[in-house]
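Some notes on the structure that comes next.
The values are calculated or read from the model by the stated rules, or taken from the named source; none is laboratory data. Keep in mind it's a predicted model, so treat the numbers as computed, not measured. So basically every Cβ, Gly included, is an ideal-geometry build from the backbone, and we count neighbours across all protein chains shown. Keep in mind that these areas ignore ligands, DNA and RNA; they rest on the heavy atoms of the full protein, side chains included. Shrake-Rupley method; radii C 1.70, N 1.55, O 1.52, S 1.80 Å.
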Amino acid sequence: MIFIFQKVRSFALYSLLVIAFRLGTLLRVFPFFKRLISNAIDAMFGLKMPQEDYWDSMFSRQMLTGLWRFILLDINKKTKQGSKAYNSPLVSLDGKNCFRLLDSSKQGRPLVLHDFGEIVRDFSDVADFVIVYIEEAHPSDGWALKNNYNIPKHRTLVERCAAAQLLLSHNPPCTVRVDSMLDAANLAYGASPERLYIIRDSTIVYQGGPGPMSYSTHEVRAWLENYAPKRRSR
């Protein structure tokens, strides 16, 4: 019965998504609709993005396929807040060494997963941080954006590691690991296109929403600000 309910729910969600895309395809020729979508995207990302970077792919079949994959990953992820963290297999940036996700976690210290900037510098004394590079959200042979990195879908671990090494040009402030071609971390954590987690003592204590709409470093900072005084007073 549960399986049937999940199938019905997935079919209903997909049907609504298809209807929304067909409506968007009809309306995209009108300037007012283009302004409406552009304003929504600017608000979502917190900055003004050039329309030419994304408009050609808006409401395309590739976008529908990519967005539906992200939705399914979120629906079917193995993890939830309060549950045990899934100890996904990962590899180093050069692909030569294997790790487990919780290898980066220390007893009593939160492990924050993903992209943080100043947060790392402010809380490195009480928490550990790791970026896990997963599948490419906008591959050049899929739902591509203009003026983006020319990275096709990863077909081998060598390709994925090579793409992950591009992160080094941005001087990431913490350790970077790479999801294996099993996509274990991505599937377990519903990570595509991006997501934030905090794990403490192998338990998920914070689970952010799927990005970019629900990606909030402010929530991570608030959690750490509440946690840090207790830890620093010891």
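Couple of notes before you dig in:
- Structure note, pairs Lys84/Lys106; Lys48/Lys78; Lys7/Lys153: Cα-Cα distances above 25 angstrom occur for Lys48/Lys78; Lys7/Lys153.
- 0 to 90° range, to nearest 10: angle between helix 2-27 axis and the chain longest Cα axis: 50
- Computed helical MRE - 222 nm, the chain, DSSP H runs ≥ 4 contributing -39500 (n - 2.57), nearest 500: -13000 deg cm²/dmol
- What you get for segment 85-225, charging only the Cβ of Lys and Arg (+1) and of Asp and Glu (-1), is a dipole of about 200 debye around the Cα centre.
- Residues considered: Pro50, Pro31, Pro212. Largest GNM mean-square fluctuation over the chain, using C-alpha springs under 10 Å, is found at Pro31.
- Farthest positive-ward along segment 113-152 dipole, Cα basis, beta-carbon charges - from Asn150, His114, Ile134: Asn150
- Since only Leu64, Leu187, Leu167 are under comparison, the one whose Cα sits farthest along the positive direction of the charge dipole of the chain, derived from C-beta charges on Lys, Arg, Asp and Glu, is Leu187.
- Amide H contacts under 5 Å for Tyr133, placed H, 5+ residues apart: Arg177, Val178, Asp179
- The portion of the accessible surface of the chain made up by carbon and sulfur, rounded to a whole percent, is 58 (1.4 Å probe; DNA, RNA and ligands excluded).
- Amide H partners (placed H, <5 Å) of Ala85, local residues excluded: Thr203, Ile204
- Average accessible surface area per residue within the chain, 1.4 Å rolling probe, Å²: 57
- Placing a label point 7 Å from the Cα of Val18 along the Cα-to-Cβ direction, the residues of segment 32-61 whose backbone N falls under 16 Å of that point are 60-61.
- Under the simplified labelling scheme, the Glu219-Leu47 pair shows an inter-label distance of 2.2 nm, with each label point 7 Å from Cα along Cα→Cβ.
- Considering only beta bridges that DSSP places wholly inside the chain, some 65 percent are antiparallel.
- Rounded to the nearest 20 debye, the dipole magnitude of segment 5-95 is 520 debye, with +1 charges on Lys and Arg beta carbons, -1 on Asp and Glu beta carbons, and the Cα centre as origin.
- Linear extension gain, Leu27 paired with Asn226, 0.36 nm per residue minus alpha-carbon span: 67.0 nm
- Backbone phi angles across segment 173-186, fed through the Karplus curve with coefficients 6.51, -1.76 and 1.60 (θ = phi - 60°), yield HN-Hα couplings of x, 8, 5, 10, 10, 10, 5, 5, 6, 6, 6, 4, 5, 4 Hz in residue order; Gly and Pro are listed as x.
- Extent along principal axes [Cα atoms of segment 14-100; Å; largest to smallest]: 51, 31, 25
- In order along segment 75-86, phi translates into HN-Hα couplings of 5, 9, 4, 7, 9, 7, 4, x, 8, 5, 6, 7 Hz, rounded to whole numbers, per the Karplus curve 6.51 cos²θ - 1.76 cosθ + 1.60 with θ = phi - 60° and x for Gly and Pro.
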